[in-house]
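Trainee: Before I ask anything, let me first share the structure, which is written out below as C-alpha cells.
What follows is calculated from the coordinates using simple rules that are stated; it is not laboratory data. Not measured: the values here are computed from a predicted model. Every residue, glycine among them, receives a Cβ derived from its backbone with ideal geometry; neighbour counts consider all protein chains shown.
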Amino acid sequence: MEKVLSLLMLWGVLASAAIMLLGGVIYLFHHAGGVPGDHVFRGEPQDLRDPFMILKSAAEMHTRSVIQLGVVVLLLNPFFRVILAFFGYLKERDFAYLGVSGFLIAILIYSFFA
C-alpha cells in the first residue's frame, strides 16, 4: 500500500510539472518581450477559477489554462492519495483511519469547490 501511494504521489507531481512546463514554454513563446502589467491587481479571469472551465480552456490549448491545469493536477494529488488510502483502510477493516480518511475527503471536496 505504501509503495502504491508513493508512486501515485511521484507520478502526480511529475505529471503536474510536465503540464505546467508545457504551458509555460508555450506561454513564453507567445508572449516573449511583453511588458508585465502587474502594477494593478486584477485577479484571475473566471475561466481560470472554475475547474471545469480550466479543463475546457486547456483542451483548446489556451496557455494560461494549461498552466492552471498543472496547478489543479498538483492540488488533486493529495486528494487521490486520501481516496486510495480510504479504500486501503476499508480493505483492511481499519475503521478508525477509515473515518479519518472519509472526513478528509469531505474537507478536500468542500475546499476544492468552495
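Trainee: How much net charge surrounds Leu55 when only the other residues with a Cβ under 14 Å from the Cβ of Leu55 are counted, with Lys and Arg +1 and Asp and Glu -1?
Mentor: 0
Trainee: Please compute P(r) over all alpha-carbon pairs of the chain, binned at 10 Å starting from zero, and give each bin as a whole-number percent.
Mentor: Taking all Cα pairs of the chain, the binned fractions are 13, 32, 30, 16, 7, 1 percent.
Trainee: Further question on the same structure: Can you tell me the FRET efficiency between Phe52 and Ile26 if r is taken as the Cβ-Cβ distance and R0 is 22 Å, rounded to the nearest 0.05?
Mentor: With R0 = 22 Å, the Cβ-Cβ based efficiency is 0.50.
Trainee: Compare Gly23, Gly37, Gly99 in a GNM of the chain, Cα atoms joined below 10 Å, and give the one with the largest fluctuation.
Mentor: Top of the fluctuation ranking is Gly37.
Trainee: For the chain, set up a Gaussian network in which alpha carbons nearer than 10 Å are linked by springs, and say which option among Phe41, Phe103, Phe29 fluctuates the most.
Mentor: Phe41
Trainee: With θ set to phi - 60°, apply the Karplus curve 6.51 cos²θ - 1.76 cosθ + 1.60 along region 39-52 and write out the HN-Hα couplings as whole Hz, x wherever there is a Gly or Pro.
Mentor: So the J values, rounded to whole Hz, are 7, 10, 6, 10, x, 8, x, 4, 5, 9, 10, 9, x, 6.
Trainee: Hey, how many Å between the Cα centroid of region 1-57 and the Cα centroid of region 76-114?
Mentor: Computed from Cα coordinates, the inter-centre distance equals 25 Å.
Trainee: Over the chain, what relative contact order in percent results from Cα pairs under 8 Å that are six or more residues apart?
Mentor: 32 percent
Trainee: Per-residue HN-Hα couplings for region 2-10, Karplus 6.51 cos²θ - 1.76 cosθ + 1.60 at θ = phi - 60°, whole Hz, x for Gly and Pro?
Mentor: Result, rounded to whole Hz: 4, 5, 5, 5, 5, 5, 4, 5, 4.
Trainee: Let me spell out the model: positive unit charges on the Cβ of Lys and Arg, negative unit charges on the Cβ of Asp and Glu, origin at the Cα centre of the chain. What dipole size does that give, in debye rounded to 20?
Mentor: 140 debye
Trainee: GNM, the chain, Cα, under 10 Å: largest mean-square fluctuation among Val66, Val40, Val13?
Mentor: Checking each option, the largest mean-square fluctuation is seen for Val40.
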